[in-house]
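Structure provided below as structure tokens; questions to follow.
The values are calculated or read from the model by the stated rules, or taken from the named source; none is laboratory data. Please read all numbers here as calculations on a predicted model, not as lab measurements. Using ideal geometry, Cβ is built from the backbone for each residue, glycine included, and neighbour counts are taken over all protein chains shown.
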Amino acid sequence: MKRFLAAVLMLVVISLALPANAAEHDGKWWASHTTLEKAIYVNGLLDGITTGNARALKPRPGNDIIPDINPRQALDGIEKFYKDFRNRNIPVSGAMMVVLFQIEGHSDADLERLLQDFRRNFAKSSR
């Protein structure tokens, strides 16, 4: 639970410091691309997450860096995430984090807190 809260806090702090162009990669941006372009983007995100975590965490055998996820599963999760109009201002990186947390089996309450933080933070940036 402490690791989850630390990860959420870190993501919220980082998301507030995102440059303007990164914040533009949100649900509206996502909807403007083809399925192939989205798949390529998701592959890049997953590669970035894997590489970044490998460098930061120095994994040991048997200690997965990210959950066992394939790009199609992530793409489907992000598509579902953006079907909710309240999520359209959230960057794709935030959508990916929510999808990964769902796959990891985090509680509905933890996911709802994360979503509310994202919605609050990114609603302000769209005004």
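Count, please, the residues in region 80-126 that happen to be in a helix (DSSP H, G or I) and without any contact (Cβ under 8 Å) to a residue 12 or more places away in the chain.
Residues in region 80-126 being in a helix (DSSP H, G or I) and without any contact (Cβ under 8 Å) to a residue 12 or more places away in the chain: 9 in total.
Suppose we keep only residues that are within 22 Å of N89 (Cβ to Cβ) and not acidic (D, E) within region 36-47. Which one would you say is surrounded by the most Cβ atoms within 10 Å (Cβ to Cβ)?
V42
Of everything in region 78-125 that's surrounded by fewer than 14 Cβ atoms within 10 Å (Cβ to Cβ) and acidic (D, E), which residue is nearest to G48 (Cα to Cα)?
By that ranking, first place goes to E104.
Turning to a different aspect of this structure: Tell me, which helices (runs of 4 or more DSSP H) lie completely within region 1-76 with 2 or more residues that are modelled with pLDDT of 90 or more and of a type in the set (A, V, I, L, M, F, W, C)?
By residue number, 27-31, 35-57.
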